[in-house]
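So the structure is just underneath, and the comments pick up after that.
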Amino acid sequence: MSAGPSTGTVPTTAGGRAGPAGASVAGLMAEIADVGRDDARGGYSRPVYSVAEHELREWFIDQASRRGLDVESDRNGILWAWWDAPGADRRDAVVTGSHLDSVPGGGAFDGPLGVASALIAIDRLRERGLTPSKPLALAVFPEEEGSRFGVACLGSRLLTGLIDPDRARTLRDPEGNTFADVTAKAGLDPRFLGPDPEAVGRIGSFVELHVEQGRGLIDLGQPVAVGSTILGHGRWRITITGQGNHAGTTLMEDRRDPLVAAAAIVQAAREAALRHSGARATVGRIVPVPGGTNVIASSVSLWLDVRHADDAVTAAVVERIHADARRAAAVEGCSLELREESLSPTVHFDPALRHRLGELLPDAPVLPTGAGHDAGVLAAALPTAMLFVRNPTGVSHSPEEHVEDDDAEAGALALAGVLEGLAGRRV
Ligand code: HGY
Ligand code: MN
Ligand code: MN
């Protein structure tokens, strides 16, 4: 493992055992199947820099090291595992990878499938006797889900300068821990969080493999698709403040109950989205304070997720919800604040790279996705593309998310074909 530059890159520690022969995506996924299981919610809860996600990071470092890749963690906590090309320095690299963190109670495949498939793709290239003509790298991005600190794709946003490092350092998790403190405990130096043009400059193209979070491939009867677009999406926090009081001694006419306003806002979000074809608005998280059964809440925070292919429609839906929310709060004698937490425009993947993937995978259909990804964030800085692997349930961000073993292998083979096409050279 190379020691990183003095800008806070932390060399990693990992075993150096020989890589297992005959490894498979299913086999790698089985190795981590018990990490971060959430018995209360079902599925997996692997927040960034939690014990579970740290265990997955160590697993990845070990797997990559066993394959002789040069592994380092950069100033933003992104893991890079390099397969260098003989005689070539680290620029114009072909990078693949994904994330290991999850949503609360998430599925097994969202993120880890892309990481496991990248490791197996390296194995398949080696089995074919290939050495890369350009550097190849596997990358693991922290906080893709934004489940702990609220901002989606926080690692790739920091890398590419799409979030102010001071804002990132002060983000807090639900327990009140700052991102600066948590990254420091994870071994990083929070002073160095932020844009890393040198790291971005090393990447020629980035291809992310991901479980499909929908039914497209089921309906098409295909195991793998090439991505075309990522739906624009954003997150807003709405805080409603009323009067905390006793549930028994406060007459109904004397209440200023922020949860009643919140209930109206959830309904308003649904109605605002239904006014625009293809728009999506979700409230998946509501936190009353103090949250007692016999207590009228003093305040409530709820988080709004709004998405549409046209960024202007996303803005119009949010504006409509905000207007309805102000009315609902006023009726209840409450005050209201709306704050944008993150916003990602609709992404159209690089046409030339997407065309190249089409040449390399002629049978693969081309599909859009309604889910955000690090490949979408990186698209602002370099050519990126995605591969999707069939999910027979079509369900994601849920324990029901699934990928059959054969499709997982088909995905890794497709990724290997893409990496070979972009950077492979026979010995
Ligand atoms: O929210 C998303 O679309 C992604 O799963 N982070
Ligand atoms: Mn994901
Ligand atoms: Mn996700």
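The values are calculated or read from the model by the stated rules, or taken from the named source; none is laboratory data. Keep in mind the model is a prediction, meaning the values are calculated, not measured. For neighbour counting, all protein chains shown are included, and Cβ atoms are generated from backbone atoms with ideal geometry for every residue, glycine included. Only protein heavy atoms, including side chains, enter the accessible area calculation; ligands, DNA and RNA are left aside. Shrake-Rupley method; radii C 1.70, N 1.55, O 1.52, S 1.80 Å.
Quick notes on this structure:
- A count restricted to segment 383-396 and to residues that are touching a Phe, Trp or Tyr at 6+ places or on another chain (Cβ under 8 Å), assigned to a loop (DSSP other than H, G, I, E, B) and either closer than 19 Å to SER24 by Cβ or open to solvent by less than 20 Å² (accessible area, probe 1.4 Å) (or both) stands at 1.
- Qualifying position, being under 30 Å from SER301 (Cβ atoms), away from ligand 2 (no atom under 16 Å from the Cβ) and in contact (Cβ under 8 Å) with a residue 60 or more places away in the chain, among LEU382, LEU338, LEU361, LEU422: LEU338
- Members of segment 398-427 that are acidic (Asp, Glu) and under 23 Å from GLY87 (Cα atoms): GLU420
- Any chance ASP350 is over 30 Å from ILE240 (Cα atoms) and surrounded by 15 or more Cβ atoms within 10 Å (Cβ to Cβ): yes
- Of the residues contained in segment 155-170, none is found to be under 19 Å from VAL211 (Cβ atoms), within 16 Å of ligand 3 (Cβ to nearest atom) and open to solvent by 20 Å² or more (accessible area, probe 1.4 Å).
- Taking the criterion of being open to solvent by less than 20 Å² (accessible area, probe 1.4 Å) and either under 11 Å from ALA168 (Cα atoms) or not assigned by TED's automatic domain parsing to the domain that holds ARG167 (or both), the residues of segment 182-196 that qualify are THR183, LEU193, GLY194.
- Residue in segment 94-130 that is nearest to ligand 1 (Cβ to nearest atom), counting only those that are of a type in the set (Asp, Glu) and surrounded by fewer than 22 Cβ atoms within 10 Å (Cβ to Cβ): ASP123
- Just one residue in the set ALA329, ALA263, ALA273 is part of a helix (DSSP H, G or I), away from ligand 1 (no atom under 16 Å from the Cβ), within 30 Å of the chain's Cα centre (by Cα) and not acidic (Asp, Glu); that residue is ALA263.
- Residue tally, condition of a type in the set (Gly, Ala, Ser), over 22 Å from GLU341 (Cα atoms) and without any contact (Cβ under 8 Å) to a residue 40 or more places away in the chain, over segment 170-213: 1
- With respect to being of a type outside the set (Phe, Trp, Tyr) and either out of contact with any Leu (no Cβ under 9 Å at 6 or more places or on another chain) or closer than 15 Å to LEU28 by Cβ (or both), GLY97 fits the description.
- Candidate set from segment 397-420 (those that are open to solvent by 30 Å² or more (accessible area, probe 1.4 Å) and in a helix (DSSP H, G or I)); member that is farthest from SER117 (Cα to Cα): GLU420
- Count of segment 357-367 residues, restricted to those that are out of contact with any Leu (no Cβ under 6 Å at 6 or more places or on another chain) and either within 16 Å of ligand 3 (Cβ to nearest atom) or open to solvent by less than 80 Å² (accessible area, probe 1.4 Å) (or both), is 7.
- Options SER102, SER65, SER156: the member that is within 16 Å of ligand 2 (Cβ to nearest atom), farther than 24 Å from LEU382 by Cα and not hydrophobic (A, V, I, L, M, F, W, C): SER102
- Index of the failed condition, VAL287 passing every other in (1) closer than 30 Å to VAL347 by Cα; (2) in a strand (DSSP E or B); (3) more than 16 Å from ligand 1 (Cβ to nearest atom): (1)
- So VAL71, is it modelled with pLDDT of 95 or more, assigned to a loop (DSSP other than H, G, I, E, B) and of a type in the set (A, V, I, L, M): no
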